[in-house]
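Nothing in this text is a laboratory measurement; each read-out follows from the coordinates by a stated rule. Just so we're clear, the structure is a prediction, and the values are computed from it rather than from any experiment. Reconstructed Cβ throughout: ideal geometry from the backbone, glycine too, with neighbour counts over all protein chains shown.
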Amino acid sequence: MSGLRRRLDLTLPAGKGLSLRIVERPGLGLSPEALAKLVDDLKAVAQTTLTSGDLDYGVFAQQGEALKTSVVTVVYDARTRQPIAFNALALMDAELGGRSIEILHLGLVMVDPGYRGRGLSDMLYGLTCVLLFVRRQCRPLYLSNVTQVPAVFGMVAETFADVFPTPDRTTGPNVAHRLLARQIMARWRHVFGVGAEAEYDAERSIIKNAYTGGSDNLKKTFAAAAPHRKDAYNAFCERELDYDRGDDVLQIGQINMEAASRYLARIARPGSAPWLAGSIFIIALGAAVLPVLHWFADDQAYGALRPWRTLRT
C-alpha cells in the first residue's frame, strides 16, 4: 500500500481473524491479472449470497467499465485468504452550486451468510468512506445510497450527516438533496441497476419498480430483508416501500468531520486501531502536506500547475 499514490490500494487488519483491502478505481490501476483476480473474489462472494440468477450491472457487467470508476472493498479470512464480503462504491460526477462535484454511491454490499452479524456492513461502508474523505483533504463528500433493506437504510442514516430521508426527519428534501437526486436518476441509474421505466417520487425520495435494470435478482420481500436493531427504520421501510412492486429508497447525505469522528469512535477495534491510525496519517500526508511541498518545487509540474521556471523563460 502507498498512501501517497493518487489512488488508494491498501490492506488493513479488520479484527477477529479478518483482513480488508480497499482499491480505488481498480480498472485503471491494476494489471489485467490482478484485476481478474479481484473480480474472481467478488464473484466468489456473490455466489454465496444469490439463490438464483446472476447480476448484470456495476462491477459484474461484461464490459467492465464500472471498475474504472469504482472503489472496491473486500474482506478476507486472514488465515485462508478466502473472500467473505465486499462493497463496490461508485464515483459519480454531478453539478452543485455552479461547480463540479463527486458523489460517492455506496453501492452493492454482499456478505457470505456464514459471516453475517459481525458488523461487516458498517466496516465496508463507513471505513472506505472515511479514508476517501481524508484522501480528499477532509472536504465534505456527498454520498448516495439505494436500498430496500432496513438494516442498510438505518446504518446510512446513523453513520452519515444531513441524510434524507430518515424516519425522524419531518421536513422534505433540501435544495442539494433535490438537485443531486435528480442528476443521479437522470444519469447514473445503471450504477445501481435501475431501469429507465422506474419512477422517482422526489418528495419521498422513493424509486418505484426499481428492479428491472440488472439488479432483478436482488429484489426481496420485507420479511427477507435484514431488519435494523431499531424498529423506526423497519417501520419506515415497511410503510413507505412497496416490496411486491420492488421499491427502493434513495438516500442523499454527506461524510464530514462530524460523521467521520462518529464513525471511527464506533467502529475502531483495539487490534486494528494502530494500523488504521497509521494509514489515515499516511493518506492525510499525501493529501495535505505533499501538495504544499510540490507547490514550492518550482522546477517540476504538479497536476495543473506548471513549473515557474518554465513559465518565466
(request) Could you work out the mean projected area of the convex hull around the alpha carbons of the stretch 191-265, in square nanometres to one decimal? (result) 6.5
(message) Can you work out the Karplus-derived ³J(HN,Hα) for every residue in the stretch 186-191? Use 6.51 cos²θ - 1.76 cosθ + 1.60 with θ = phi - 60°, whole Hz, and x for glycine or proline.
(response) 7, 10, 10, 4, 4, 5
(request) Give a residue-ordered list of calculated ³J(HN,Hα) values for the stretch 66-78 (Karplus: 6.51 cos²θ - 1.76 cosθ + 1.60, θ = phi - 60°; whole Hz; x for Gly, Pro). (result) 4, 5, 7, 10, 10, 10, 9, 10, 10, 9, 10, 5, 5
(message) With the crude spin-label approximation of a point 7 Å out along Cα→Cβ, what separation in nm comes out for residue 169 versus residue 28?
(response) 2.9
(message) Residue by residue through the stretch 85-102, what is 3J(HN,Hα) from phi via Karplus (6.51 cos²θ - 1.76 cosθ + 1.60, θ = phi - 60°)? Round to whole Hz and write x for glycine and proline.
(response) 6, 7, 9, 10, 7, 10, 9, 10, 7, 7, 10, 8, x, x, 9, 7, 10, 10
(request) Provide the descending list of Cα extents for the stretch 63-209 along its principal axes, expressed in whole angstroms. (result) 48, 33, 30
(request) Give the Cα extents of the stretch 76-142 along the principal axes, in whole Å, largest first. (result) 48, 21, 19
(request) Return the long-range amide H neighbours of residue 210 (sequence gap of 5 or more, or a different chain), with a cut-off of under 5 Å between placed amide H atoms. (result) 247, 248
